[in-house]
Structure formats: C-alpha cells, structure tokens
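One structure is given below, encoded as structure tokens.
The values are calculated or read from the model by the stated rules, or taken from the named source; none is laboratory data. Everything numeric in this text was worked out from a predicted model, so none of it was measured. A quick note on method: Cβ atoms are made from the backbone with ideal geometry, for glycine too, and the neighbour counts reach across all protein chains shown. These accessible areas exclude ligands, DNA and RNA; they are computed on the full protein's heavy atoms, side chains included. Shrake-Rupley method; radii C 1.70, N 1.55, O 1.52, S 1.80 Å.
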Amino acid sequence: MTAPDLAHGENFSLEHYLDPAAHTFEQRFAEFRPYVEHARGSGFVLREVAGPSGALVPVRDPSTGGTDELIMLGSNNYLGLGNEPRIAEAAIAAIREYGVGHGGPPLLNGTTTLHRLLEERLAELKGSEAAMVFSSGYAANVGWVTGLLRKGDVLLYDEQSHASLYDGIQLGRVRSMAFAHNDLRHLRHRLMQIRWRNPGANVVVAVEGVYSMDGDIAPLPEIRALCDAFGAWLAVDDAHGTGVLGARGHGTAEHFGLGPGAVELSMGTFSKVFAGTGGFVTGSRDMVDTLRFFARSYMFSAALAPPVVAAVLAGIDFLAEHPERVRQLHDNVAYFVRGLRAMGFAVDPQTAIIPILVPQRLAVADVVTALHREGVFVNGVEFPAVPRDQQRLRISMMATLTQDHLDRALDRIDTVARRFGFHPEQEGIA
Ligand SMILES: Cc1ncc(COP(=O)(O)O)c(C=O)c1O
C-alpha cells in the first residue's frame with residue numbers, strides 16, 4: 001500500500017492508502033489482505049473477549065481454543081461499571097419489564113418511560129434544560145452537526161476531533177474550518193477571520209473535553225471566553241470526560257467549575273464510563289426539540305434497547321453514590337504513572353488515558369502481541385490515526401485494577417520495552 005503523509009486526526013479514509021491502479025474489487029481486497037492478515041494474526045485487532053472486561057479479561061486464544069486471563073489496560077470501562085452486579089441486575093429487570101426492544105425509532109414507538117427518565121437524568125448531570133439519547137456516540141455527533149447547522153453557518157473544530165464529527169461535517173456539507181489542537185491563538189484568529197467575512201453567521205466551536213489519543217484536556221474557560229467575545233456557541237464532546245473529570249464525575253465543565261449552561265451543546269457517549277452503547281446530546285429544550293426532527297441519525301434509527309437504557313440509569317445512580325470510584329481511578333493513574341516515570345518513561349497524563357510512544361522503527365502490532373503473551377491487554381494505535389512518530393500503546397486506566405495488577409503490568413511493560421529496545425534506560429531511544 002502507498003500512503004500520503006496526513007498530519008494527524010481522524011479525518012482519513014483507508015481509501016487514501018490503496019493504490020489507485022487497484023481497480024477491481026478483487027484487486028483492492030488483495031492489496032489490503034496482507035495488512036489485515038498481519039493485524040489479525042498478531043492479535044492487534046479483533047481479539048475475541050470471552051467474558052467480562054474486568055480488571056482481568058478472558059481472551060480466546062485461536063491457536064489452542066482456550067482462554068488467557070489478561071490484565072485489562074485497554075478498556076474505557078473506566079469505573080468498572082460494565083460489570084457492577086447492581087447495574088447488570090437493573091438491565092435484567094428492564095428486559096423482564098420492557099422486553100429486549102421495541103423495534104422502532106424514538107419519535108414513533110421507541111421511547112419508553114426509561115428513555116424519558118434517562119433523558120431527564122442526563123440533562124441534570126450536565127446542567128442543561130433537556131437531553132436526547134442516540135443509538136451511539138457516533139450517531140449523536142453526526143446527528144447534532146447535520147441537524148443544527150445549515151447553509152451559511154460555520155463550524156470551527158479542533159483538528160484532533162473524533163471521526164464522527166468529521167463525518168457529520170461531510171454528510172451535512174457543513175462549512176467548517178479546523179484550528180490547531182488546543183491552540184487558543186489559532187482559534188481566536190479563526191474566529192476573527194469568520195467574523196470579518198460573515199459578521200452575522202451562526203458560529204459553533206466544537207472541542208472535546210478530553211482528547212481520546214493523548215488524554216489531554218481542552219482549556220474550556222478560555223475557549224468559552226473566546227466564544228463569548230465572538231458570539232459563538234460552544235459544543236463539547238465529553239466522551240472521555242464524563243465519569244472521569246470533576247469531583248462528582250460530571251465531566252470537563254465540572255472540572256473547571258463552569259456553571260450550568262456554560263456550554264450550549266454537550267455531547268457524550270455510554271460506550272466509555274457506562275461501558276454500554278449509545279450517546280446523548282444536552283442543551284436548551286428548543287435545541288433538543290429541533291434536533292429530534294432534524295438529526296437524521298436520531299429520526300431514522302431504532303431507539304436504544306431498554307436494558308442498555310436501564311444500565312446507564314443505574315450507572316448514573318452508582319456514580320452519584322460512589323464518588324470514591326472516581327478518586328480511585330485518579331489514584332490508580334497516579335500510581336501507574338509513578339511506576340512508568342521510575343522506569344524513565346516521560347508520561348504526563350491529565351486523565352485516564354496514558355500513551356506510551358513506540359519508536360517508528362518498530363511495528364506496534366508486534367509490541368502489542370508481546371504484551372498479550374506476557375498477560376497484558378493493551379491497545380496499539382498507529383498511523384494514520386496518529387502521526388508516524390507518535391505511534392503508541394494507548395493505556396486506559398480502570399478504577400477496579402488493584403495495586404497488584406498495576407505492579408504486574410508495570411513489570412511486563414518493563415520486560416517488553418527492554419526486549420524491543422525502547423526502554424528509556426537503553427541508550428539513545430528514550
Ligand atoms: C471523542 C469521541 N467522540 C465520539 C465517540 C463515538 O462514541 P461511540 O463509541 O458511542 O459511538 C468516541 C468513541 O470512540 C470518542 O472517543
């Protein structure tokens with residue numbers, strides 16, 4: 001495969017990497033096959049999980065048919081809610097009461113009492129008037145971008161935004177401009193440019209509370225001030241901030257002490273801290289009522305299944321009753337980071353995502369496989385999702401990992417890094 005050097009961000013399609021001479025479907029599949037075989041064979045993708053993603057996760061070994069128990073450093077089930085017995089019971093009770101689903105979209109027959117309750121709780125959690133639930137976080141981003149913005153409106157977005165935002169922009173043919181990652185000067189410059197050319201345009205600035213690759217936080221108070229100065233709306237994708245940031249786990253706005261209504265549009269997902277599926281948008285009642293009819297990914301897609309809705313509701317209750325889980329998550333991050341720094345790794349995470357860079361000369365898949373064999377489940381991220389010199393192991397911390405799990409994982413990372421020659425103590429490759 002040949003590949004252009006894209007800067008970074010998730011605004012890529014693998015189509016860019018196929019040889020244009022590969023014309024027939026068969027030629028294209030044949031060209032891509034070696035990559036798929038390597039990635040699958042090494043266990044880099046499509047590992048088969050054979051039980052709950054707890055502190056330990058059972059993974060099927062295709063060569064033996066047995067299962068290995070790995071220490072889980074690759075799940076966004078940050079607080080362990082995915083296997084909390086009370087939450088599982090709530091999902092089971094919802095199946096008994098509502099069945100597994102209703103076979104319809106929210107506007108017709110898909111909205112149950114549970115959906116209404118969840119929307120009320122989400123609005124409360126985010127300090128907004130109203131909320132709406134989508135079938136995924138991806139659908140929520142595509143939905144609000146395509147449903148809110150029309151011809152003449154402008155979307156300014158951080159260049160490291162999630163693929164779903166890019167897809168919303170493309171689908172809605174939305175006029176948009178990127179600004180450099182977390183760069184306030186560049187954002188100000190962009191806002192000035194837009195206001196100079198389009199003084200009356202509706203402008204929305206879209207950022208993530210916590211960025212999914214580096215786990216760094218957007219400076220929301222400063223971005224809010226810029227939005228106010230230029231009459232722009234602020235939309236925050238808090239997929240990785242909800243349940244992780246803020247004393248009560250309410251997200252990035254709470255982390256910064258921003259009051260209710262500080263963000264016009266907040267988006268989140270149930271696929272991270274709630275360990276399920278689904279997504280949501282909160283904002284003014286008028287905005288939500290409009291999006292229910294204009295966001296096609298809401299209108300033309302079946303409503304979330306009742307057991308998932310019940311699990312998220314129980315997850316919100318759990319979060320309210322157990323703020324110590326959020327503290328435990330932060331303690332685990334701090335402990336693990338101390339261990340990595342003691343080895344010499346220059347890590348400085350702001351949230352529960354901890355990247356460890358892997359030198360460009362190595363195949364990330366091989367490092368991931370070696371860690372798997374040593375009993376640690378960790379995800380690898382490579383080009384084009386990140387620049388070539390930023391390929392990495394992407395560690396996601398969980399509150400339910402014990403000190404013993406963390407010590408063992410640190411020990412295995414030490415061993416594997418030495419074996420592959422990227423341990424900071426090894427000369428010239430820190
Ligand atoms: C920042 C961000 N936004 C949106 C999404 C999409 O969420 P979901 O997995 O619920 O579709 C993700 C998930 O990867 C994400 O990391």
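Which of the residues spanning the stretch 140-164 are open to solvent by 10 Å² or more (accessible area, probe 1.4 Å) and of a type outside the set (Lys, Arg)?
VAL142, THR146, LEU148, LEU149, GLY152, ASP153, TYR157, GLU159, GLN160, HIS162, ALA163
With the structure loaded, tell me whether GLY231 is more than 15 Å from the ligand (Cβ to nearest atom) and farther than 23 Å from GLY278 by Cβ or whether it fails that test.
Yes.
Among the residues of the stretch 60-97, which ones are under 23 Å from the mean Cα position of the chain (by Cα) and among the polar types (S, T, N, Q)?
Passing the criteria: SER75, ASN76, ASN77, ASN83.
Quick one: would you say GLY276 is within 12 Å of the ligand (Cβ to nearest atom) and surrounded by fewer than 24 Cβ atoms within 10 Å (Cβ to Cβ)?
When the stated conditions are applied, GLY276 passes them.
If I filter the stretch 258-273 down to residues being outside any strand (DSSP E or B) and within 20 Å of ARG325 (Cα to Cα), which single residue comes out as nearest to the ligand (Cβ to nearest atom)?
This residue is SER271.
Which of the residues belonging to the stretch 165-176 are under 25 Å from LEU14 (Cβ atoms) and open to solvent by 40 Å² or more (accessible area, probe 1.4 Å)?
ASP167, GLN170, LEU171, ARG173, SER176
Can you pull out the residues in the stretch 318-347 that are of a type in the set (D, E, K, R) and closer than 12 Å to GLY249 by Cα?
Across the stretch 318-347, the qualifying residues are GLU321, GLU324, ARG325, ARG327.
Can ASP348 be described as part of a helix (DSSP H, G or I) and either open to solvent by 30 Å² or more (accessible area, probe 1.4 Å) or more than 16 Å from the ligand (Cβ to nearest atom) (or both)?
no
Scan the stretch 42-56 and tell me whether some residue there is within 30 Å of ARG248 (Cα to Cα), in a loop (DSSP other than H, G, I, E, B) and at pLDDT 95 or above.
Yes; the residues of the stretch 42-56 include at least one that is within 30 Å of ARG248 (Cα to Cα), in a loop (DSSP other than H, G, I, E, B) and at pLDDT 95 or above.
Looking at the stretch 161-171, can you tell me whether even one residue there is part of a loop (DSSP other than H, G, I, E, B), closer than 26 Å to GLY279 by Cβ and without any contact (Cβ under 8 Å) to a residue 60 or more places away in the chain?
no
Checking the conditions here, which among LEU393, LEU357, LEU340 is open to solvent by 50 Å² or more (accessible area, probe 1.4 Å) and touching a strand residue (DSSP E or B) at 6+ places or on another chain (Cβ under 8 Å)?
None of the others qualify; the one that does is LEU357.
Out of GLY147, GLY127, I need the residue that is more than 12 Å from the ligand (Cβ to nearest atom) and on the phi > 0 side of the Ramachandran plot. Which one?
Only one candidate qualifies: GLY127.
With the condition kept exactly as written, say whether any residue in the stretch 107-121 is in contact with a Phe, Trp or Tyr (Cβ under 8 Å, 6 or more places away or on another chain) and not hydrophobic (A, V, I, L, M, F, W, C).
yes
Tell me, which residue of the stretch 279-308 that is within 21 Å of TYR78 (Cα to Cα) and open to solvent by 10 Å² or more (accessible area, probe 1.4 Å) is nearest to the ligand (Cβ to nearest atom)?
Top of the filtered list is VAL308.
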